[in-house]
């Protein structure tokens, strides 16, 4: 059975990006932190992870094994533009997340837990994605000064 808590977690990430991040000035989103990551860098990573996940889910639903998406740093689809604003990255993330959610609604209960050839189930992969979202949102939270959200 599709896990509503996981679906809600996927939706919550996009909501949080829209409510807490989108309204920040672009200069603040591009400012580097001590670990050399900016809010924009983290949002870009979220967008790239979501694009990979959505593509992998599509391939999995059509019968191709789902690869591990959190290890590849290569360009996602070749559409990346270094001049994209953080707001554009958030919009691209949202489009990919919407595609993921639509595909999840289309699969059967059995497909959520099927793990062909010893791979992880879709449910397990979604849990990994939700956990990654949380980690990235926590990183973003440490970069937003108190009182600006």
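Remarks
- Residues of the range 102-113 that are part of a loop (DSSP other than H, G, I, E, B) and loosely packed, with under 14 Cβ neighbours inside 10 Å: 108 alone.
- Looking across the range 93-115, just one residue is touching a helix residue (DSSP H, G or I) at 6+ places or on another chain (Cβ under 6 Å) and without any contact (Cβ under 8 Å) to a residue 40 or more places away in the chain, and that is 113.
- Listed conditions (1) modelled with pLDDT under 95; (2) within 16 Å of the chain's Cα centre (by Cα) are all met by residue 14, apart from (1).
- Hey, residue 89 over 18 Å from residue 133 (Cβ atoms) and either at pLDDT 90 or above or surrounded by 12 or more Cβ atoms within 10 Å (Cβ to Cβ) (or both) or not: no
- Looking only at the range 18-48, residues that are closer than 13 Å to residue 143 by Cα, within 15 Å of the chain's Cα centre (by Cα) and in contact (Cβ under 8 Å) with a residue 24 or more places away in the chain come to 5 in all.
Each row is one residue, and each column tells you yes or no for (1) touching a residue at least 40 places away in the same chain (Cβ under 8 Å); (2) surrounded by 14 or more Cβ atoms within 10 Å (Cβ to Cβ); (3) within 18 Å of residue 5 (Cβ to Cβ).
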{"position": "118", "(1), (2), (3)": "no, no, no"}
{"position": "122", "(1), (2), (3)": "yes, yes, yes"}
{"position": "130", "(1), (2), (3)": "yes, yes, yes"}
{"position": "136", "(1), (2), (3)": "yes, yes, no"}
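- Filter result for residue 19 (exposed (fewer than 14 other Cβ atoms within 10 Å of the Cβ), within 20 Å of residue 134 (Cα to Cα) and at pLDDT 85 or above): yes
- Filtering the range 138-149 to residues that are in a helix (DSSP H, G or I) and surrounded by fewer than 16 Cβ atoms within 10 Å (Cβ to Cβ) leaves 138, 141, 142.
The values are calculated or read from the model by the stated rules, or taken from the named source; none is laboratory data. Computed from a predicted model, the values in this text were never measured in an experiment. Positions of Cβ are generated from backbone atoms using ideal geometry, with glycine treated the same way; all protein chains shown enter the neighbour counts.
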